[in-house]
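Step one of this worksheet: look at the structure below.
Quick note: the coordinates plus some simple rules give every number you see, no bench work behind them. This is a predicted model, so every value here is computed, not measured. Glycine also receives a Cβ, built like all others from the backbone with ideal geometry; neighbour counts cover every protein chain displayed.
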């Protein structure tokens, strides 16, 4: 990697070409590079980019060489000649009008072809995924599979994914740089984008982000995409569409819960334990990308904001947590399939939250400490967060109020965390 | 170089007969003094926008930095864009429109001198209105293009967006008033014999820009009025939950916004076209082609707006059309680049600071032009739009293009404005630091963008492969601080102590260099008679203009030469009164009118603070003040 060269402004072409070569070699170093032909969509884009870069470089070199040579050749010298007396040249003017036009035609033809190819309707049999943007997190729904999840997208390699993009509030833009271009999420309309991940691709994770400025925490609206093998996807999907793994205690839920849970429970009962499961498969929770295998770029490094504390050494009780969860504000916004009272739709669906690697729009890792602090005061954890501050005695930075009545104690939060962590 | 003591008497650095004192500045209607007011104000805002930029870069120097929080960053980012576009670069162009157009076309002032003063005051007040909230944490925070529905009250409570909506409306009044003024001036007030194809290239580009302003700004005004009605009167133009269409805002905004890019850059092109011929001792290459390509850019500039919207899903046909029109606009722009190079070709180039900046524009703007063509390919731009690649592109256009051209213009015309030369040594330092800093700041952004970094993010996580590029960008931005400091120091030092310039220190060919520096208030004691594009060279270097067609239109060359060059030596010491030239009377009424408009808009803003009663009372007060001041203005004599 010859990064130092970037200090020299005029080494444009050479550096870009060099970097492109280098990028292929060390994608680990540039995990969000747009230069990897991972999908049909991105391969098309890269082909266009290559021709744009080539012609751009040609024009750049011609212009700068001509300019620099002119400056050197015709610099004023004491004994220099008087300037030649030229004010125009029709043939030259025509030349530098026509030549760029020819170059543009060469760019335009593949451009137009690619536009119509990539914006054609998605092939039949594509996996349908609804992407819904929220301030500042992502909702993913698989309508054919009956799955709703948040901030972590699973797609099988080799199968076309057809995204239907909408928003719950302002305009967002859905982008996985490694997998292809971006598309905006706009109110009162449905946008489409599709691509097919290379069938030869190994199971891996890609970062995604929101690219249209969408308010305070625009920078914190990220997500992960797991491109997995078809059998892994099947296992993941089968588990995700089941109800929450944590059993609902019979005495507190009653018939309604049972009625709701029944089909789902049957589903989860049919999940076959995978014998001698390879990495990521577990008997009781289906496939999930193993957290231990996450590369560094997919692990959030966001530092914890100062001033937040949490009592050390508390042990949460999942059942107590479920009860607290079910009687507090949580249920107004969140849904847990299988918990009959938790039917909110404003916030992320938490049915299988424990199977995810991150929380809060991929801002923090999904571990006990971060989850506890998040519940305690999400608005300090993430600027502008719409989820209210819940911890007792906490200062809500948006309303300016201190939470007293109804606030959750650290022990109560620990219980809720234990409950959420049981939702594999 | 002549010193002050040895200078001939007409080379005094205060214009003959000029009034002094603060009141004379407040009441001035002289286009040159208004130009200088624009210069100071816009340089102030340029520095302010620069401080915002450097703060932004300080925040982004490393991953997960906590110098700024999200809210403050978003305000600074919005204000950096708004300040640089509306309060710095556009008014810096206005400096030259005001100062130069009458001088270049041989007029004694603009067509409507008092309207001109009004344009300045409303710009100043609008600038203050939109800038002050940053000191209270209330600055606009939705980005400079303020996409609906984020700007509706559902998502943006508080006064942030209110300041933006009303502030931009106020600034739009200034720009529009000035545009009509300059169009009238150029059409009606050219000296005898100055037909359009003899007009200096800067005046030509300025002429095109004014038409673009007149056609583009009303569209922005409409978009803003819709937004204003959504925010203040409960309409639903953009509110999606009530069936509004957020894309309406995007279309309206970019129908303004893309021509705006050329509004920002064409004046700089004009300045470069003035600087290069006098530096190379050679007439501008392909003058008619330069004119036509400018017109073509202005015309095509209105047909490409949706290339800002390739990610919104307009469908393949719209994407194709706007992709192709965008590619087309590269052709006239490229033609300009080649004509500048061939202006230098065969010349005898003297590398003054102005010349360096002009060449800098040609060299660096080219990069912005090339990345612009990359954005003309809709599928490719899906990987580029809203990333740092775009940030790199438009800074190469606006800093590498507009600002380089404006710096060239300032160094070139400083002697005409203030009668003294700027220091070339400091100028050289400014140029090189600027050139290195600018490329260091913006070039790595091409990489961070293509490596997946979205724009407008207040922070980014570690391990994303962007750290090095951001570090270089930030260091480059810090380098621009001493560069600009050197420029400001040079500016004020030269204004006081620079060597006296004389009327034509660059041996330049156009009319403004035939009169004393700084020019007397009446500009031309005798209105010159023009018979070619380069009236001064006709006299001093007839060989340089020999094969450019001259037409006499009733005057012979000798007579015109007698008019053009030596006029100042005879009459430079005389005041307008002694020469019997009627001058417009100084007046503060335009300022009072501008204040009334500010009160009117400010009253509307108060509906969100004090409630309706107080706000309506203030608006009625402002309205009455507006009516009375306009009445007083229109009924008082001009001269």
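Quick notes
- Taken over the C-alpha atoms, the range A:276-424 has Rg and Dmax values of 15.6, 54 angstrom.
- Overall Cα dimensions of the range B:209-318, principal axis frame, Å, largest first: 63, 35, 17
- Only helices enter this figure: runs of n ≥ 4 DSSP H residues, each worth -39500 (n - 2.57), summed and divided by the residues of the protein assembly as shown, yield -17000 deg cm²/dmol at 222 nm to the nearest 500.
- Of the residues A:40, A:50, the one with the fewest other Cβ atoms within 10 Å heads the list, and the complete ranking is A:50, A:40.
- Debye-sum result for the range A:31-87 in log10 I(q)/I(0), which assumes one identical scatterer on each alpha carbon, at q = 0.19, 0.27, 0.30 Å⁻¹: -0.80, -1.03, -1.12
- Where both bridge residues fall in the protein assembly as shown, DSSP classifies roughly 70% of the beta bridges as antiparallel.
- Shown here are the Rg and Dmax of the Cα trace of the protein assembly as shown, at 32.1, 111 Å.
- Listed by Cβ neighbour count within 10 Å, with the fewest neighbours leading, B:189, B:212 appear as B:189, B:212.
- Peptide-level mean, for B:65-78, of C-beta atoms on other protein chains within 10 Å: 3
- Neighbouring Cβ atoms from other chains, within 10 Å of the Cβ of residues in A:52-61, number 4 on average.
- Rounded to the nearest 10 degrees, the inclination of helix B:353-374 to the longest alpha-carbon principal axis of chain B is 40 degrees.
- Taken as Cα centroids, the range B:503-532 and the range B:585-639 sit 39 Å apart, rounded to the nearest whole angstrom.
- Over the range B:135-249: Rg over Rh, Cα atoms, Kirkwood Rh: 1.16
- Kirkwood hydrodynamic radius of the range A:144-234, from inverse mean 1/r over distinct Cα pairs, in Å: 13.9
- 5 Å binning of all Cα-Cα separations within the range B:190-245, expressed as whole percents from 0 upward: 5, 15, 15, 12, 9, 9, 7, 7, 7, 7, 4, 1, 0
- Neighbour-count order for A:74, B:40, fewest beta carbons within 10 angstrom listed first: B:40, A:74
- Cα-based helix-to-principal-axis angle, B:404-418 vs chain B, degrees rounded to 10: 40
- When only Cα pairs below 8 angstrom with a gap of at least 6 residues are kept, chain B shows a relative contact order of 19 percent.
- Legend: translational diffusion of chain B by Stokes-Einstein, Rh = Kirkwood radius over C-alpha pairs, 20 °C, 1.002 mPa s; D = 84 µm²/s.
- Per-residue average of Cβ from other chains inside 10 Å of A:103-115: 5
- Once the Cα atoms are used to define both axes, helix B:113-131 deviates from the longest principal axis of chain B by about 30 degrees.
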